[in-house]
Protein chains: 2
Amino acid sequence: MTVAGRVTMKDLAAACGVSTATVSRALRGDPAISVGTRQAVLDMAERVQYRPSASARRLRTKSSSLIGVVVQSVGDGYIGEVVLGIQSRARELGYQPLFFASEGREDLEAEALDVFLSEQVTEFIAVSPTGKPQLLRRAVEEGLHVAVINGDTEVPPALFDDVTRGRPGRRVTQLGAARGLQPVHYITFDDVAAGRLATRHLTALGHRQLVHLSGPPVRSSLLRLLGFRQALEEAGRWPQPVLVAPSPVLESREAVVTAYLRDAQPPLAMVAYDDLSAVAALRAAHQAGWLVPDDLSVVGIDDIQFAAYTNPGLTTVAQPKQELGALAVDALLAPAAAGPQARVLNGRLVIRESTMPPAGPGPAAAADTRGATDAGDAP
Amino acid sequence: MTVAGRVTMKDLAAACGVSTATVSRALRGDPAISVGTRQAVLDMAERVQYRPSASARRLRTKSSSLIGVVVQSVGDGYIGEVVLGIQSRARELGYQPLFFASEGREDLEAEALDVFLSEQVTEFIAVSPTGKPQLLRRAVEEGLHVAVINGDTEVPPALFDDVTRGRPGRRVTQLGAARGLQPVHYITFDDVAAGRLATRHLTALGHRQLVHLSGPPVRSSLLRLLGFRQALEEAGRWPQPVLVAPSPVLESREAVVTAYLRDAQPPLAMVAYDDLSAVAALRAAHQAGWLVPDDLSVVGIDDIQFAAYTNPGLTTVAQPKQELGALAVDALLAPAAAGPQARVLNGRLVIRESTMPPAGPGPAAAADTRGATDAGDAP
DNA sequence: TTGTACGCGTTATCAG
DNA sequence: CTGATAACGCGTACAA
């Protein structure tokens, strides 16, 4: 009712003929309020379009119900889905996400933290930060609860050689398990299992000639390669060739596949580091006159939105993107979560049109691999 | 310095041996402060890691420097880019965006508005709201400044017939110009010009057999169709067939193209409603054994991230996505913008691999259409 | 069951 | 140029 400005609690109290304290209590569901009074207050609040002031409440309670979320960039294919998962779960729990796109710039990451601190954010989620432990370190130093979704990190290229040509040492297998900073929650896609799942799909179809198109020298890439190897060892078909592009740009990956196809014979089957790599492979195959899936089966990992639209549609291992986001929120807000969590989520095989048994319709035995399958590791 | 909780202005004042008023002024760059004092305060603020409390400031000043942004969903291809444009420009102007994904649900849209109001948001941007004028209406009723980016709206299918078979009446041409609610800013991609630009590219290449793959019965779809017609009229080649899918799902668009190709003869050229439709066309062509671009040239509109990854790479008219976002922010925050603005932005032709002259390498005359071209309407 | 009064961290007004 | 001081809207001890 104030002349300029919004209707405040005092206005509402006056309109109801009670004190602001009563209004406050009624609104917040305090049991020490008569049913009649509460209903009257609620009705009147509705009538006069009362909106509580978030700033005033935060100033008073010193808790903000805000979740700061830093993403590298939006539209990065799957990040949007993760963000959606965060938003919905946060909403259910009465929290409001505050998003900040860092574009991978460290100065913007620092600024994001400053903003969050000014806003009294207490919960912090970093989606797919590559490397850069400084951000996380500073966040915990400032007393924030932090969760990391699919945090990736650079890894010495030598480890790739260990997996490809030697034996994966403890350094590799440990990468798959424990994570760095102690007081932070890690919500992570199981890259090793995804690599295995993709590969098993191919071997189950009857393929015996396989290739892996590897990614950049980062953790997820190494682990997916490891999964590739493990599945092949199970099938008694290790080693198989591993392609690695000198640069992560699409053209480079395409070129390395093109070069490989020149000297190869169909039928061939490839598991690509991710869906984008798979797309590069699709293009290379097309240029080289190889038919997918007839001559070359391709399976990707991630299930980005566009995987359904490639030509042919891409068989891939889907990340549970929304769930990753939701679980990060849960980890932060769970009541008695008993310390930092490290959740690892399995992927799901999505079969489209880019894979088939080698050399035409295969044996009936392959039929049971059709349809979506969980990435569980049952023996 | 307080035991529990963050360092406050009072702490900082004490540490400097001045009053909080002085600190406040020094921090905000008030000229009525001696240079020495200001520097001392600034240094100390740095030393003790002082962070102003956004809530307290907002409570006091009643202005929030917050921009509420509602998007349908993230990861929708181009929305991420728009959002990025909003974020960067807002940051430059000292504003902080508050994002809310509505998933197209009206209840969530309403909730978004409630949140914004509670947060004392005064600036409001809706990105690609389809229909639903209620949201905008409520927003202006609540006193927000609102800007709409690429607001689309349902349109009677009869208008499509007018353009396709009859003469586009005033109702159609007006759609291209004025917009509904007066007190809101409209930042819009020029769909008509985009349709023209895509079509001209094809006619300039020498194509004489053209088709349009139309979209759902919404404004943008109608206007792109109109652009298609206009360019063809210029070239003296109107009418040409217009394909319309019964449903907006990819399969449906694919089917309608498949059916059309069955009775058609190459060389053919198609402008698709958007990049996703173009992808559907690519798939249909592939299935039908048509070669792109040899038998069929395809151009899309939007330039979603994936347009560069299709097989072959998709020629398309790019929306200036980041600029759309930035201009919406400008419209809201511009000092003396003299009332609501209606900005219309031109697209840019991006030539990739899905278009070529009909029947092999064409005349040299077509060469001057290579490279990116602005969609300006110079005669 | 309800009212009174205080303080959260800032900024703006008014003195000095 | 600087310092007291009040007020922003709300939640909560304390009193009634």
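The values are calculated or read from the model by the stated rules, or taken from the named source; none is laboratory data. Note that the structure is a prediction, hence the values are computed from the model and not measured. Because the Cβ atoms are built from the backbone with ideal geometry, glycine has one as well, and the counts that use them run over all protein chains shown.
Before moving on, here are some points about what is shown:
- Only listed residue being near DNA strand D (Cβ under 9 Å from one of its atoms), within 30 Å of B:Glu109 (Cα to Cα) and of a type in the set (A, V, I, L, M), chosen from B:Leu59, B:Leu66: B:Leu59
- Only one entry of A:Gly227, A:Gly289 meets the criterion of being out of contact with any strand residue (DSSP E or B) (no Cβ under 8 Å at 6 or more places or on another chain) and either more than 13 Å from every other protein chain (Cβ to nearest Cβ) or among the hydrophobic types (A, V, I, L, M, F, W, C) (or both), and that entry is A:Gly227.
- Residue within region A:67-79 that is at the interface with chain B (Cβ under 7 Å from one of its Cβ atoms), in contact with a Lys or Arg (Cβ under 7 Å, 6 or more places away or on another chain) and within 25 Å of A:Ile125 (Cα to Cα) present: no
- Considering only residues in region B:288-344 that are among the polar types (S, T, N, Q) and more than 24 Å from B:Gln209 (Cα to Cα), the one that is surrounded by the most Cβ atoms within 10 Å (Cβ to Cβ) turns out to be B:Gln319.
- Pair list, Cβ < 6 Å and 6+ apart or interchain, from region B:260-284 residues that are within 14 Å of chain A (Cβ to nearest Cβ) and without any contact (Cβ under 8 Å) to a residue 40 or more places away in the chain to residues that are part of a loop (DSSP other than H, G, I, E, B) and surrounded by fewer than 24 Cβ atoms within 10 Å (Cβ to Cβ): B:Val279/A:Tyr309; B:Arg283/A:Asn311
- Scanning region A:29-48 for residues that are within 12 Å of DNA strand C (Cβ to nearest atom) and charged (D, E, K, R) yields A:Asp30, A:Arg38.
- Matching residues in region B:80-97 - criterion: being more than 16 Å from DNA strand C (Cβ to nearest atom), within 7 Å of another protein chain (Cβ to nearest Cβ) and not acidic (Asp, Glu): B:Gly80, B:Val83, B:Leu84, B:Gln87
Let's see how each residue does on (1) of a type outside the set (Asp, Glu); (2) within 22 Å of B:Glu119 (Cα to Cα); (3) modelled with pLDDT under 90:
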| residue | (1), (2), (3) |
| --- | --- |
| A:Gln96 | yes, yes, no |
| A:Phe100 | yes, yes, no |
| A:Arg137 | yes, no, no |
| A:Glu142 | no, no, no |
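- Scanning region B:98-141 for residues that are more than 23 Å from A:Ala45 (Cβ to Cβ), within 12 Å of chain A (Cβ to nearest Cβ) and of a type in the set (Lys, Arg) gives a single hit, B:Arg105.
- Condition met for B:Val74 (at pLDDT below 90, under 25 Å from A:Asp114 (Cβ atoms) and touching a Leu at 6+ places or on another chain (Cβ under 9 Å)): yes
- No other residue among B:Arg6, B:Arg25 is at pLDDT below 95, among the basic types (Lys, Arg) and within 11 Å of DNA strand C (Cβ to nearest atom) apart from B:Arg6.
- Boolean, A:Ala269 is modelled with pLDDT of 95 or more, aliphatic (A, V, I, L, M) and outside any helix (DSSP H, G or I): yes
- Of all residues making up region B:85-123, the number that are among the β-branched types (Val, Ile, Thr), within 23 Å of A:Arg6 (Cα to Cα) and crowded, with 22+ Cβ neighbours inside 10 Å: 1
- Residue within region B:9-17 that is near DNA strand D (Cβ under 9 Å from one of its atoms), away from every other protein chain (no Cβ under 14 Å) and in contact with a helix residue (DSSP H, G or I) (Cβ under 7 Å, 6 or more places away or on another chain) present: yes
- When each of A:Pro183, A:Pro157 is tested for being under 19 Å from A:Gln341 (Cα atoms) and not basic (Lys, Arg), the lone residue that passes is A:Pro183.
- Counted residues, region A:45-56 - those being near DNA strand D (Cβ under 6 Å from one of its atoms) and of a type in the set (Ser, Thr, Tyr): 1
- Taking region B:48-71 as the range and being surrounded by 19 or more Cβ atoms within 10 Å (Cβ to Cβ) and in contact with a strand residue (DSSP E or B) (Cβ under 7 Å, 6 or more places away or on another chain) as the test, the residues that pass are B:Leu66, B:Ile67, B:Gly68, B:Val69, B:Val70, B:Val71.
- For region A:12-47, the set of residues classified as touching a residue at least 24 places away in the same chain (Cβ under 8 Å), within 21 Å of B:Leu59 (Cα to Cα) and surrounded by 18 or more Cβ atoms within 10 Å (Cβ to Cβ) consists of A:Leu12, A:Ala45, listed by residue number.
- Within region A:54-67, residues that are farther than 14 Å from B:Lys62 by Cα and modelled with pLDDT under 95 have Cβ atoms under 6 Å from residues that are within 9 Å of DNA strand D (Cβ to nearest atom) and of a type outside the set (A, V, I, L, M, F, W, C) in these pairs: A:Ser64/A:Arg58, counting only partners at least 6 apart in sequence or on another chain.
- Checking each residue of region B:248-269 against the condition of being under 25 Å from the mean Cα position of the chain (by Cα) and either of a type in the set (Phe, Trp, Tyr) or under 30 Å from B:Ala334 (Cβ atoms) (or both) gives no match.
- Within region A:257-282, the residues that satisfy the criterion of being among the β-branched types (Val, Ile, Thr) and buried (at least 20 other Cβ atoms within 10 Å of the Cβ) are A:Val257, A:Val271, A:Val279.
- Count of region A:134-144 residues, restricted to those that are more than 17 Å from A:Gly104 (Cα to Cα) and buried (at least 20 other Cβ atoms within 10 Å of the Cβ), is 1.
- When B:Thr153 is tested against (1) surrounded by 14 or more Cβ atoms within 10 Å (Cβ to Cβ); (2) at pLDDT 90 or above, just one condition goes unmet, and that condition is (2).
- Meets criteria (closer than 14 Å to B:Pro216 by Cα and in contact with a helix residue (DSSP H, G or I) (Cβ under 8 Å, 6 or more places away or on another chain)) for B:Leu291: no
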